[in-house]
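Here the structure comes first, spelled out in C-alpha cells, and everything after it is commentary.
All of the numbers you see were taken from the coordinates with simple rules; none came from a lab. All figures in this text were calculated on a predicted structure; none of them were measured in a lab. Methodologically, a virtual Cβ is constructed for each residue, glycine included, from the backbone with ideal geometry; neighbour enumeration extends over all protein chains shown.
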Amino acid sequence: MEAQTYYFTWRGIEIEVTYTPLKWKTIAYLEVRAVSPERAPLPITETGYRSHFHQPGTIEKPGGDVVAQVIAWLDEEAKSRAWRRREEAARQLPLF
C-alpha cells in the first residue's frame, strides 16, 4: 500500500506524519517529523523525528484516523514529568 502523508499543528509545532499501512508486505510504518520549527523536540522524540514500526491494522482498528492517533500519542507522552519540565523551562525568560 502507498504511503499517506498528513500535516497538522500540535502545541505550535507543525508536524508531518507519513504512514505506510503495509511496508515490505509485512509491517506498518509510521514516521513523525517536526517541520516547523525544524527538528523541534516532541514528547516522543528529542530530535524531532521518530520512526515507528507496528503490526498492520493497529491504526485502522480504532477508526483509522492517523492524525488523531498521533495527537493522542503526543498528548499522552506530554503528561510525563520530563516533558512538563521542558515546557516550563521553555516558557521562562532568562533574567540576564
### Summary
Distance in Å, no decimals, from the C-alpha centre of region 53-67 to the one of region 1-26 is 11
### Summary
Sequence order, region 17-31: Karplus ³J(HN,Hα) from phi using 6.51 cos²θ - 1.76 cosθ + 1.60, θ = phi - 60°, Hz rounded, Gly and Pro as x, gives 10, 10, 10, 10, x, 8, 9, 6, 6, 9, 8, 8, 9, 10, 10
### Message
Taking the 0 to 90 degree range and rounding to the nearest ten, how far is the long axis of helix 66-77 tilted relative to the main principal axis of the chain, both from C-alpha atoms?
### Response
40
### Query
Which residues in region 13-32 have a backbone N closer than 18 Å to a point placed 7 Å from the Cα of Y49 along the Cα-to-Cβ line?
14-20, 29-32
### Query
Among the aspartates and glutamates, which fall within straight-line cross-link reach of K25, defined as a Cα-Cα distance under 14 Å, with same-chain neighbours fewer than 8 residues apart omitted?
E2
### Query
Calculated from DSSP H runs of 4 or more alone, at -39500 (n - 2.57) each and per residue, what is the 222 nm mean residue ellipticity of the chain, nearest 500?
-7500 deg cm²/dmol
## Note on the structure
Counting only backbone N atoms under 19 Å from a point 7 Å out along Cα-to-Cβ of R91, the residues of region 24-61 in range are 41-44
## Note on the structure
Options (i) 1.20; (ii) 0.98; (iii) 1.14 for Cα Rg over 2.2 N^0.38 Å; the value derived from the coordinates is listed as (i)
### Message
Quick check: the angle from helix 81-91's long axis to the longest principal axis of the chain, C-alpha only, nearest 10 degrees?
### Response
50
